[in-house]
1. Somewhere in region 27-35, is a residue in contact with a Ser or Thr (Cβ under 9 Å, 6 or more places away or on another chain), open to solvent by 80 Å² or more (accessible area, probe 1.4 Å), over 18 Å from residue 5 (Cβ atoms) and assigned to a strand (DSSP E or B)?
2. Could you name every one of the strands (runs of 3 or more DSSP E) located completely within region 54-125 that has at least 1 residues being acidic (Asp, Glu), open to solvent by 30 Å² or more (accessible area, probe 1.4 Å) and touching a His at 6+ places or on another chain (Cβ under 9 Å)?
3. So which of 118, 62, 96 is closer than 14 Å to residue 1 by Cα, modelled with pLDDT of 95 or more and within 15 Å of the chain's Cα centre (by Cα)?
4. Consider residue 18 against the criteria (1) at positive phi; (2) assigned to a helix (DSSP H, G or I): it satisfies all of them except one. Which criterion is unmet?
5. Taking only region 53-71 into account, find how many residues are closer than 18 Å to residue 18 by Cα and without any contact (Cβ under 8 Å) to a residue 60 or more places away in the chain.
6. When you check residue 38 against the structure, is it farther than 20 Å from residue 88 by Cβ, open to solvent by 30 Å² or more (accessible area, probe 1.4 Å) and touching a residue at least 12 places away in the same chain (Cβ under 8 Å), yes or no?
7. Let me spell it out: the conditions are (1) of a type in the set (Phe, Trp, Tyr); (2) over 20 Å from residue 1 (Cα atoms); (3) in contact with a helix residue (DSSP H, G or I) (Cβ under 7 Å, 6 or more places away or on another chain), and residue 108 meets all of them except one. Which number is the exception?
Amino acid sequence: MEQALRHELTKAIPELNNSIYPTNAPEGSQRPYLVYARINTKTLKTLEGVTDKENISYMFSIMATKYSDMVRVRKQVTDLLKDMAQRTIGIKNIFIEDIDINNIDESYEFNLGVNRGIIDFTIYY
């Protein structure tokens, strides 16, 4: 799923090309970048047993030194996520049944000197 999400993000938002990192970014990253983490995975079961369907929750953190850049990229990412429901994504054409945006937040990271835009979402596939 991460590969499919990265593919869709870089295709729709070229500014994030080579600027998407799992769990943490390299020290000294300057331009707006995205850090993601999987925060929950639920495999669906029926009376017949475990299915191949999952619900995965992620947290995307959009980091930028300028607040306006963070807000702009966060909106682009949010709009892209909302558009993923009921279509296939990625090179392997994974069908997304639905997507929930659980929370959108922001903060300032004093140690890094960057604005953080947070998108917490769940993807159902």
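1. No - not one qualifying residue is present in region 27-35.
2. The strands (runs of 3 or more DSSP E) meeting that bar number zero.
3. Going through 118, 62, 96 in turn, the sole match is 96.
4. Here residue 18 clears every test but (2).
5. Here the count works out to 7.
6. Considered against the rule, which asks whether it is farther than 20 Å from residue 88 by Cβ, open to solvent by 30 Å² or more (accessible area, probe 1.4 Å) and touching a residue at least 12 places away in the same chain (Cβ under 8 Å), residue 38 comes out as yes.
7. If we test residue 108 against (1) of a type in the set (Phe, Trp, Tyr); (2) over 20 Å from residue 1 (Cα atoms); (3) in contact with a helix residue (DSSP H, G or I) (Cβ under 7 Å, 6 or more places away or on another chain), just (3) comes out false.
The values are calculated or read from the model by the stated rules, or taken from the named source; none is laboratory data. Computed from a prediction, not measured in an experiment: that's the story for all the values here. Note: ideal-geometry Cβ built from the backbone for every residue, glycine included; neighbour counts use all protein chains shown. Areas reflect the complete protein model, heavy atoms only, side chains present, ligands, DNA and RNA absent. Shrake-Rupley method; radii C 1.70, N 1.55, O 1.52, S 1.80 Å.
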